[in-house]
Every structure is written in C-alpha cells, then in structure tokens.
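Notes follow once the structure below has been shown.
The values are calculated or read from the model by the stated rules, or taken from the named source; none is laboratory data. Nothing here was measured: the structure is a model prediction, and the numbers come from that model. In this analysis, Cβ positions are derived from the backbone assuming ideal geometry, glycine residues included, and neighbour counts consider all displayed protein chains. The protein model used for the area step is the full one, side chains on, heavy atoms only, and it has no ligands, DNA or RNA in it. Shrake-Rupley method; radii C 1.70, N 1.55, O 1.52, S 1.80 Å.
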Amino acid sequence: MAKSIALAADHGGFALKEEVKKHLEEIGVPYRDFGTDSTASVDYPDMALPACDAVVRGECAKALLFCGTGVGISMCANKVRGIRACCCSDSFSCEFTRRHNDANALCMGGRVVGPGLACQLVDLFLNTPFEGGERHERRLAKVKAIEEREAQK
Ligand code: RB5
C-alpha cells in the first residue's frame with residue numbers, strides 16, 4: 001500500500017480540499033485529512049502543522065495544503081524542518097518545484113485556483129520525480145544548512 005498524502009486546509013481552502021479529496025479517491029490515492037471540516041473560521045497553522053509533521057515523520061509521502069491564497073499555509077509549512085513547500089497556481093512552477101526543489105508540500109489557494117486546475121496540479125505534483133543531480137542536491141543541502149542554522153538560534 002502506497003503511503004498516504006496529508007491534506008490540510010483552513011476555511012478558505014476547505015472547499016478546494018474537498019474537491020481534491022474526491023479526485024484522490026477517483027484515482028485511488030490514499031490520503032489522511034488533517035482538517036478543517038467546515039467553512040467556519042480557523043487558523044491555518046493549526047491544520048498545517050500536524051500534516052507537515054506527518055510528512056517529516058515519514059507517515060505521509062507529501063502534503064497538499066490549502067488556504068484562501070495558498071500563501072499563509074505555505075509560509076507556515078516552510079517553517080517546519082524538512083518541509084519544502086511551494087505555493088503554486090501554474091503547471092510550470094508545479095512541475096519544476098518537484099524536478100528541481102524536491103518539494104514535498106503543494107499549497108494552493110481556494111480563492112485563486114479552480115478545482116479542475118487544482119486537480120491537474122495535484123497529478124503533476126504527485127507524479128513528477130525529483131531530477132536529482134549534483135547542482136540540485138548542492139542547493140538543497142544549502143537550504144537544509146539554513147534550517148540547521150536557524151534551529152541553533
Ligand atoms: C483567511 O481569511 C485567509 O487569510 C487565509 O485563508 C489565507 O489566505 C492566508 O494566507
């Protein structure tokens with residue numbers, strides 16, 4: 001059984017998360033839903049953090065995160081050590097953040113991206129491998145070094 005995908009959203013991303021859930025069910029991709037479960041106002045860090053923790057612990061393969069713009073939840077996700085989150089609303093960025101940055105969290109805005117595009121981006125994100133190679137590995141090692149430096153403060 002493939003590792004599940006972590007899903008999390010605030011109220012601004014809730015409807016899009018539900019659309020993406022339906023899509024994952026249709027294509028047979030298992031997921032774990034970390035909420036929220038309605039359009040009632042909540043704070044995106046409360047949902048993003050457990051979803052990102054599940055990815056970093058290796059319980060989930062990647063995270064799909066949603067808020068109104070995708071921006072707040074991506075800022076939050078990128079504070080978690082080991083998370084490389086990208087806020088995307090276009091296919092080029094989505095493909096290359098996998099190929100070059102080995103992104104493990106895709107963030108989208110429920111008030112920005114429609115469900116059709118969101119599901120296309122999800123497919124691209126889940127199916128595009130990291131290219132690897134010396135230059136990308138070197139850059140990611142530098143990103144990790146920043147995380148480690150910040151953890152010492
Ligand atoms: C909530 O209204 C909104 O601020 C949030 O969903 C997100 O867009 C923040 O970046």
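Worth pointing out:
- Cα-based helix-to-principal-axis angle, 44-56 vs the chain, degrees rounded to 10: 50 degrees
- The heavy atoms of residue 149 offer some 140 square angstrom of accessible surface to a 1.4 angstrom probe.
- Residues whose amide H falls under 5 Å from that of residue 66, counting only those 5 or more places apart or on a different chain, are 8, 9, 10, 108, with hydrogens built in the peptide plane.
- Taking a ≥ b ≥ c as the square roots of the eigenvalues of the Cα gyration tensor, an a/c ratio of 1.5 or more together with a/b no larger than b/c marks segment 37-92 as oblate.
- Folded to 0 to 90 degrees: helix 14-27 orientation relative to the chain principal axis, Cα: 80 degrees
- Other-chain or far-sequence residues with amide H under 5 Å of residue 4's (modelled H): 61
- Each residue of segment 138-143 was assigned a 3J(HN,Hα) from its phi angle through the Karplus curve 6.51 cos²θ - 1.76 cosθ + 1.60 (θ = phi - 60°); the sequence is 4, 5, 5, 5, 5, 4 Hz, with glycine and proline shown as x.
- Counting only cysteine Cβ atoms and a cutoff under 4.7 Å, the chain contains unmatched residues 52, 60, 67, 76, 86, 119.
- The angle between the Cα long axis of helix 115-127 and the longest principal axis of the Cα atoms of the chain comes to about 30 degrees, rounded to the nearest 10.
- Computed 3J(HN,Hα) for segment 148-153, one whole-Hz value per residue from the Karplus formula 6.51 cos²θ - 1.76 cosθ + 1.60 where θ = phi - 60°, is 5, 4, 5, 5, 7, 6, glycine and proline marked x.
- Tensor-based shape of segment 45-153 (alpha-carbon gyration tensor, a/c under 1.5 rounded, otherwise prolate or oblate): oblate
- Distance between the C-alpha centres of segment 44-86 and segment 17-33: 17 Å, rounded to the whole angstrom.
- At the residue level, residue 11 shows approximately 50 square angstrom of accessible surface with a 1.4 angstrom probe and all protein chains present.
- Simple label model, 7 Å out from Cα along Cβ direction - residue 148 to residue 49, nm: 2.6 nm
- Ellipticity at 222 nm from helices only: DSSP H runs of n ≥ 4 in the chain, each -39500 (n - 2.57), divided by the residue count, give -15000 deg cm²/dmol.
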